[in-house]
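Let me begin by presenting the structure, written as structure tokens, before commenting on it.
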Amino acid sequence: MPPLPDLATLARYVAEAERSLGVPIDPAWRPAVTEHYRRLLEAHELIENSGVDLAATEVAMKFEP
Amino acid sequence: MTAEWADAVGIAEAVRSRRSSAAEVIEAALGRIEREDARYNCFTAVVAAQARRDAARIDADIAAGRDPGPLAGAPFAVKNLFDIANLTTLAGSKINRDNPPAQRDASVVAALRRAGAVLLGALNMDEYAYGFTTENTHYGPTRNPHDLSRSAGGSSGGSGAAVAAGLVPLTLGTDTGGSIRVPAALCGIFGLKPTFGRVSRDGVALFSATVDHVGPLARSVRDLACAYDLMQDEPVSPTLAQGIGGLRIALAAGYFREHAEPQAVEAAERVAEALGARSKVTVPHALEARAAATIITGAEGAGLHLKNLRARPGDFDPMTRDRFLAAALLPASIYARAQAMRRAYRDEVAALFKGIDILVAPTTPIAAPTIGQDTVSLSSGTFPARAHVGRYTIPFSIIGLPVISVPVPGYALPRGVQLVAAPNREGVLFRAASFVEKRGVAAFTSPR
């Protein structure tokens with residue numbers, strides 16, 4: 001996995017996603033939203049680096065324990 | 001034990017044997033709420049008139065020789081995301097105030113009322129159940145009865161604090177990443193998160209559809225068992241006297257001992273020792289499971305509230321809004337990869353449980369944080385306090401395992417320990433919880 005983008009790049013991602021999805025983000029909220037977005041990408045990075053073969057794992061939308 | 005601290009089963013025994021009346025019990029509980037709840041901020045609604053009618057009906061049934069049910073006259077209350085007929089289901093939000101009142105009770109609320117339990121009201125929570133501290137901007141924080149400057153935990157914070165404060169003996173909550181177990185631990189009471197799918201969510205406002213669970217919180221194991229028996233089909237109460245003979249019990253190592261206060265680890269060791277645990281096991285990929293849960297619950301919650309995030313984001317609680325907005329922007333592929341991680345992790349943990357019956361782990365790595373506390377400093381580093389509270393609970397709920405959090409006395413602030421089993425093995429958990437309760441290793445301690 002390449003390293004996570006820097007905060008300025010993340011802020012651009014958030015702005016693009018905001019426009020395409022039609023979710024209005026008040027400028028005052030933007031730093032906190034960007035930080036939470038960074039944490040979600042960090043979580044994704046952890047999963048990708050887990051060593052688990054995700055491509056070979058069935059994805060179930062109806063979860064059964 | 002005074003009526004204030006009697007458990008629900010004990011109250012019902014007194015009412016059924018006419019040592020007290022349901023009307024007396026309910027008047028006393030309503031009086032406690034009236035006098036004391038301003039300190040804790042547990043209740044967002046009290047249904048006093050309905051409760052008095054229910055109590056009168058129970059007393060009339062007893063007088064007429066009819067069976068009033070196993071929880072006759074026992075007061076209970078529910079997190080305000082359960083439907084209560086004629087009340088608007090807030091789910092901790094300002095937005096839901098615009099909704100019409102519920103037409104009928106949630107299935108589990110109806111089940112407890114049919115058994116004679118008397119509903120007293122609805123309880124505070126984090127907005128849309130997205131939090132671990134019940135610091136609700138719209139309705140105020142719920143305060144921990146053991147220290148009013150501290151959080152009661154969340155998201156079922158009102159459910160935890162109302163039981164610990166002696167306002168009611170029994171409450172219902174929901175648990176997505178720890179929202180029953182965390183308030184149970186931080187308030188010093190017992191909490192059950194059943195196997196995913198075992199208890200009906202009919203009439204419950206969801207946060208994350210593939211992860212949400214319904215369960216009880218109480219001051220005794222037999223209350224948890226009684227409530228659970230009334231909400232699903234396979235009774236566990238008969239297991240309480242069975243002891244722990246033949247059970248293979250292990251202490252969780254690795255992830256579940258890291259980034260914690262020493263007392264949290266010690267409490268788990270005490271319970272494991274009392275249960276005769278013979279081994280330590282490492283749960284593979286617990287950290288990655290927590291990461292998957294963060295993505296899945298955020299994305300599912302944001303999807304559920306997308307219409308309002310677009311139309312009226314300013315009406316959300318700032319404590320949840322920014323996380324919902326960030327999760328709403330995630331690519332679907334990231335959500336799908338998180339679901340794949342969850343499935344792989346489920347299989348790994350299922351293999352682990354082939355060799356053991358019960359896994360013991362701390363419920364939270366820290367005791368109750370103070371209200372408004374943003375970070376917590378431990379010997380291993382500094383962490384976001386609110387998220388860190390859920391570190392040890394999330395890896396079990398994301399794969400739907402049954403867990404009982406038991407309170408471990410002897411510390412300045414309450415500590416909880418999780419007993420975890422394979423899916424649908426609640427019976428072995430109740431055997432172990434009852435065993436440590438009878439020996440005083442797990443016990444509710446009054447805050448007064």
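Structure summary
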quantity	calculated
Label-point separation, B:Thr382 to A:Ala15 (7 Å along Cα→Cβ), nm	3.0
Theoretical gain in end-to-end length, B:Lys307 to B:Thr375 [0.36 nm per residue, Cα-Cα removed]	21.3 nm
Förster radius 45 Å - calculated FRET efficiency between B:Ser446 and A:Ala56 (Cβ-Cβ, nearest 0.05)	0.25
Highest-MSF residue in chain B out of B:Thr375, B:Thr134, B:Thr195 [GNM, Cα springs under 10 Å]	B:Thr375
Label-reachable residues, segment B:292-334, where backbone N falls under 19 Å from a point 7 Å from A:Asn49's Cα toward its Cβ	B:292-295, B:334
Alpha-carbon centroid distance for the pair segment B:405-428 / segment B:125-165, whole angstrom	20
Spin-label model distance (nm) - B:Arg18 vs B:Glu4, 7 Å beyond Cα toward Cβ	3.0
Segment B:1-64 versus segment B:324-342: alpha-carbon centroid distance in Å	45
Whichever lysines have a C-alpha closer than 24 Å to that of B:Lys280, once near sequence neighbours (fewer than 8 apart) are set aside	B:Lys193, B:Lys354
Given charges at Cβ of Lys, Arg, Asp, Glu: chain B dipole, positive-most of B:Thr382, B:Tyr40, B:Ala227	B:Thr382
Shielding by partners, peptide B:396-406 (average Cβ within 10 angstrom, other chains)	1
Those trypsin sites (Lys or Arg not before Pro) in segment B:1-67 that DSSP places in a loop and that have at most 16 other beta carbons within 10 Å	B:Arg18, B:Arg19, B:Arg66
Charge-dipole axis of the protein assembly as shown as Lys and Arg at +1 and Asp and Glu at -1 on Cβ define it, positive-most pick from B:Val211, B:Ala338, B:Ala85	B:Ala85
Inter-chain shielding of A:12-23 (mean C-beta neighbours from other protein chains, 10 Å cut-off)	3
More than 31 Å apart - percent of Cα-Cα pairs taken over chain B	34
DSSP bridge orientation in the protein assembly as shown - percent antiparallel, rounded to nearest 5	70
Nearby aspartates and glutamates by direct alpha-carbon distance to B:Lys307 (threshold 17 angstrom, same-chain neighbours under 8 apart not counted)	A:Glu18, A:Asp26, B:Asp98, B:Glu127, B:Asp315, B:Asp317, B:Asp322
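Only the coordinates and a few stated rules stand behind these numbers; no lab work does. Here the structure is a predicted model, which means the values were calculated and not measured. For neighbour counting, all protein chains shown are included, and Cβ atoms are generated from backbone atoms with ideal geometry for every residue, glycine included.
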